[in-house]
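Participant: This is the structure I want to talk about, given as C-alpha cells.
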2 protein chains.
Amino acid sequence: MTNTKKVNSRGRPRTFDVDEAVGKAQALFHQRGYDAVSLADLTGALAINPPSFYAAFGSKADLYGRALERYAKTEGLDFDRLLAPERPLNEALAALFDAAAVAYTAHPEATGCLVIEGARGGTDAVACDKAKTLWRRSRQVVRDAIADRAADRADEITDYVMAILAGLSASARDGLGAARLRAIGRTASLAFMSDKAR
Amino acid sequence: MTNTKKVNSRGRPRTFDVDEAVGKAQALFHQRGYDAVSLADLTGALAINPPSFYAAFGSKADLYGRALERYAKTEGLDFDRLLAPERPLNEALAALFDAAAVAYTAHPEATGCLVIEGARGGTDAVACDKAKTLWRRSRQVVRDAIADRAADRADEITDYVMAILAGLSASARDGLGAARLRAIGRTASLAFMSDKAR
DNA sequence: AGGATTTTGTAGTGACCAATACAAAAAAAG
DNA sequence: CTTTTTTTGTATTGGTCACTACAAAATCCT
C-alpha cells in the first residue's frame, strides 16, 4: 500500500546505501565464506560502526540471508531459461552445466556457488540453514523442469544434476578455470546423449 | 633404528591412548568439520585437560593433520586397488564411484569425505592446507592411473573424476543415502561406456 | 523554535576461542 | 632415598567473537 522505499523519513539520515552494502557483504561472503567473515570485516568494508550495522541488518546471519537472496537474483543460474520446456532434456542439462561452469568462475577470487558452498555449513547453524533452504528450492525447480520430460526418473536425474553442480562448484573453488569446468560439464552431459542413460 | 614406540619411558605415564584419541578426534572432525570442533570439545571427548592435549598433539591443527592421515589410511578410498592397471578404464571408474558412494555414507552422522570437505576450508588456513595437500595427492594418484590407459586425455578425465567425487561427497552431506549416491555414480560413469566420451 | 524520531560514534558487554604458567604427582634411574 | 623426567590438574592468558548501552547529532513535523 504505502511506499516501501523510505522517502522523506524522519530522523538522522543514513550515511550509507543499504542495497550497496548488501552487495559488498555478498562479495565478502562469496570470497571467504560465512565463518571467515567477521563483523569487524563487514563494518570495516562498509565503513560503518556496529550499531549502524545492527540497526540496518539485525544480525550477521540476517545480512547473510539478504546476500544469499541477492546472489540468487543477480548471479544465480537462470533455471527457468536454461531448462525451458521446449528444450530437449539432454540439451537443457548441457546448457545448465555450461552456464554453471561459466558462473562459478566469473569472479576469480569468489569462485564456486555462494549457495552450494554456504549450504555445506560451518560453525553457524542458522546461516547454514538459510543457504540450505535456497539450495533445496533450486533443487525443486530443477526437479519440476525434469519431471516434464522424464517423469519416471525425475528424482534420479535430479540427484545427478545437483551432484554435478556441487562438483563444478567444488572444482571451481579448487582453482579450475572456466575451460576445464566446461569440459567437466560436457562429460557430465554425455550420460544423456546417446542411449538415454538406460 | 631405535624403537619408535615409547616403551619403558620415564616420567609419569599417560592416562589415555594417543592413537585412540586420534581416532576420536577424526570422528569429531568428520561429523562437524574442523571449525565447529572446539578445543573444549576435544578435551571433553578425550577426558583430558588442555596441557595434556598440547603435550601430546602440539596444536589443534596438528591433531587435525594426524586425523586426516588416519582417515586416508583407514577409511579413504583404495585407489590402487580400484584403479588397478588390469582393469578397463570405464570399469575402474565405475568401481571408484561406487566405492565412494558406499564410503561417503558409511557413517550416518559423519557423511562425505573428510579430506574433500576439509579442503573446502573455513576459518583456519593451515588446517585447510593440510586437507588440500591430501586432496592433491589423491588427484595425482588418480591421474597416474588414468594416464596409463588414456594418456592424451588424462587431465580432462581426472578433472571429471575429482569433480564427481566432490559431488558425491556433497550429496552425501546433503543427506542422500547409499542407494541414491550409487545411482549418481552409475550415471556419472555412463560417460565412459559406449562412445569413449568422444 | 521546540519536540519527535532515527542514526551516529564511543566504548564497552560477556562468551568463547586456542593456547599456557605453574606446581603437584607419578613413574624410572642412580 | 634422592634425582631426573614426564604428565597431570588447576587456573588463567590475551585475543577475538557477535552484539549493545548510551548519549550526541541530524533530520522532519508542528
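The values are calculated or read from the model by the stated rules, or taken from the named source; none is laboratory data. Since the structure is predicted, the reported quantities are computational estimates derived from the model, not experimental observations. Neighbour counts are summed over all protein chains in view; Cβ atoms, including those assigned to glycine, are modelled from backbone coordinates with ideal geometry. Keep in mind that these areas ignore ligands, DNA and RNA; they rest on the heavy atoms of the full protein, side chains included. Shrake-Rupley method; radii C 1.70, N 1.55, O 1.52, S 1.80 Å.
Participant: Do any residues of the range B:139-162 lose at least 30 Å² of accessible area when the full set of protein chains is present rather than just their chain alone, and if so which, with a 1.4 Å probe?
Facilitator: B:Glu156, B:Asp159, B:Tyr160
Participant: Separate question: Along the positive direction of the dipole of the protein assembly as shown (beta-carbon charges: Lys, Arg +1; Asp, Glu -1; about the Cα centre), which of A:Ala47, B:Ala183, A:Tyr64 reaches farthest?
Facilitator: It is A:Ala47, whose Cα lies furthest towards the positive end.
Participant: Starting at the first residue of the range B:52-59, write each ³J(HN,Hα) from the Karplus equation 6.51 cos²θ - 1.76 cosθ + 1.60 with θ = phi - 60°, in whole Hz, x for Gly and Pro.
Facilitator: Karplus values, whole Hz, x for Gly and Pro: 5, 4, 6, 5, 8, 10, x, 6.
Participant: Sticking with this one: Calculate one ³J(HN,Hα) per residue across the range A:96-107 by plugging θ = phi - 60° into the Karplus curve 6.51 cos²θ - 1.76 cosθ + 1.60, and present them in order as whole Hz with x for glycine and proline.
Facilitator: After applying 6.51 cos²θ - 1.76 cosθ + 1.60, I find 4, 4, 5, 5, 5, 4, 6, 5, 6, 10, 5, 10 Hz.
Participant: Taking the axis that carries chain A onto chain B, what is the nearest Cβ in chain A, and at how many Å, to the whole number?
Facilitator: For the rotation taking chain A to chain B, the closest Cβ gives A:Gly167, 2.
Participant: Run the 1.4 Å probe and let me know the accessible area of A:Lys24, rounded to the nearest 10 Å².
Facilitator: For A:Lys24, solvent-accessible area is about 90 Å².
Participant: With angles folded into 0 to 90 degrees, how steeply does helix A:178-189 sit against the dominant principal axis of chain A? Use alpha carbons for both and round to 10.
Facilitator: Computed tilt is about 50 degrees.
Participant: Helix-only estimate, please: 222 nm mean residue ellipticity of chain B, summing -39500 (n - 2.57) across DSSP H runs of length 4 or more and dividing by its residues, to the nearest 500.
Facilitator: -20000 deg cm²/dmol
Participant: Also: How well do other chains shield peptide B:181-193, expressed as the mean number of their Cβ atoms within 10 Å of each residue Cβ?
Facilitator: 6
Participant: Rounded, prolate or oblate, given the Cα gyration tensor of the range A:77-192, with a/c below 1.5 counting as rounded?
Facilitator: oblate
Participant: Give, as a single signed number, the net charge of other residues whose beta carbon lies under 9 Å from the beta carbon of A:Ala127, with Lys and Arg counted +1 and Asp and Glu -1.
Facilitator: Value of the local net charge: -1.
Participant: Chains A and B: what accessible area do they bury, summed, in square angstrom to the nearest 100, with a 1.4 Å probe?
Facilitator: The A and B chains share an interface burying roughly 2400 Å².
Participant: Could you give the alpha-carbon Rg of the protein assembly as shown over 2.2 N^0.38 Å, rounded to two decimals?
Facilitator: 1.09
Participant: Give the ranking of A:Thr133, A:Thr158, B:Thr15 by solvent-accessible surface, highest area first, calculated with a 1.4 Å probe.
Facilitator: B:Thr15, A:Thr133, A:Thr158
Participant: Right, something else. Translational D (Stokes-Einstein, µm²/s) of chain B at 37 °C and 0.692 mPa s when Rh comes from the Kirkwood sum over C-alpha pairs?
Facilitator: Translational diffusion coefficient: 179 µm²/s.
Participant: Let me ask something else. Just read off the accessible area of A:Ser59 with the full protein assembly in place, 1.4 Å probe, to the nearest 10 Å².
Facilitator: 30 Å²
Participant: Distance from a point 7 Å along Cα→Cβ of A:Asp78 to each backbone N in the range A:124-168: keep the residues under 17 Å and list them by number.
Facilitator: A:142
Participant: Next question, about the same structure. Can you compute the modelled spin-label distance between B:Gln140 and A:Arg143, with each label point 7 Å from Cα toward Cβ, in nm?
Facilitator: 4.2 nm
Participant: Considering the range A:18-72, what Rg and Dmax in Å follow from its alpha-carbon atoms?
Facilitator: Considering the range A:18-72 through its Cα atoms, Rg and Dmax are 9.8, 28 Å.
Participant: In whole percent, what relative contact order does the range B:78-192 give with Cα contacts below 8 Å and a gap of six or more residues?
Facilitator: Over the range B:78-192, the number comes to 37 percent.
Participant: What number comes out for accessible area per residue over the range B:18-72 if the probe is 1.4 Å? Units Å², please.
Facilitator: 42 Å²
Participant: Cross-link list A:Lys24/A:Lys130; B:Lys24/B:Lys132; A:Lys60/B:Lys24: which exceed 24 angstrom alpha carbon to alpha carbon?
Facilitator: Correct reply: A:Lys60/B:Lys24.
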